[in-house]
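Beneath this line is the structure, given in C-alpha cells, with notes to follow.
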Amino acid sequence: MKTKTILLTSILVLSLLLAACGSKEPTETTVNLPVVGGEVQNTSEPQEAAEVPVPQDTYPVEQPVEPVMLDAAIAYPADDDSPTYDADMRAYIEQILNGTLAIEDLFGKDESYLRETLINAAEGRIILTESGLDKAVDWLKKQ
C-alpha cells in the first residue's frame, strides 16, 4: 500500500512540474475550414466587392405605382354599366378559351356546360375566381 501511495504521489508531482514548465505566452488559434465549392480564393490581395443584385419585387418597400398583372385574364370586367362591358367580357372569355373553341359556340348553352367548358379551357393556364366565372357564364347565357 505504501508503494502505491508513493507511486501516485510521484506521478502527481511530475505532472504538476511538467505543467508549470509550459510556455506562458498565449498561442494563436487558427481554424482551417474545409473548402466546399472547390474554388480557392487568394485572400492576400484585396478584391473588389462583387455587385449584389437588387431584388425586383420587394414588398412593401419600393413597390411599383401600378400593380403588375401576371395575366390579363385573371381579372374580369367588373363594371356592368360600362359602355365597353360587352367588348371587355368578350375579350376576357376569349382569353380564357385561348382559341380552343369559338365563343359563338357557347352562346345560349346551359350553365353547367358553360362552367365545365370554361374551367377546362383555363386549367393549367389561368386561375379563375368564382365571381369571374359567374360573370362569364351569365354573360354567355344572355347572348
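So between Y85 and D110, what do we pick up on full extension, going 0.36 nm a residue minus the alpha carbon distance? It would help to have the intermediate numbers written out before the result.
Working: separation 25, 0.36 × 25 = 9.00 nm, distance 2.18 nm.
Roughly 6.8 nm would be gained on extension.
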Worksheet item: What whole number of Å gives the distance from the Cα centroid of region 1-31 to the Cα centroid of region 108-143?
Response: 88
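Kindly give Rg over Rh for region 75-142, based on alpha-carbon atoms, with the Kirkwood expression for the hydrodynamic radius. It would help to have the intermediate numbers written out before the result.
Working: Rg = 11.0 Å, Rh = 11.9 Å.
Rg/Rh: 0.92.
Read-outs: derived from the displayed coordinates by stated rules, not from any lab. Everything quoted here is computed from the prediction, not taken from an experiment.
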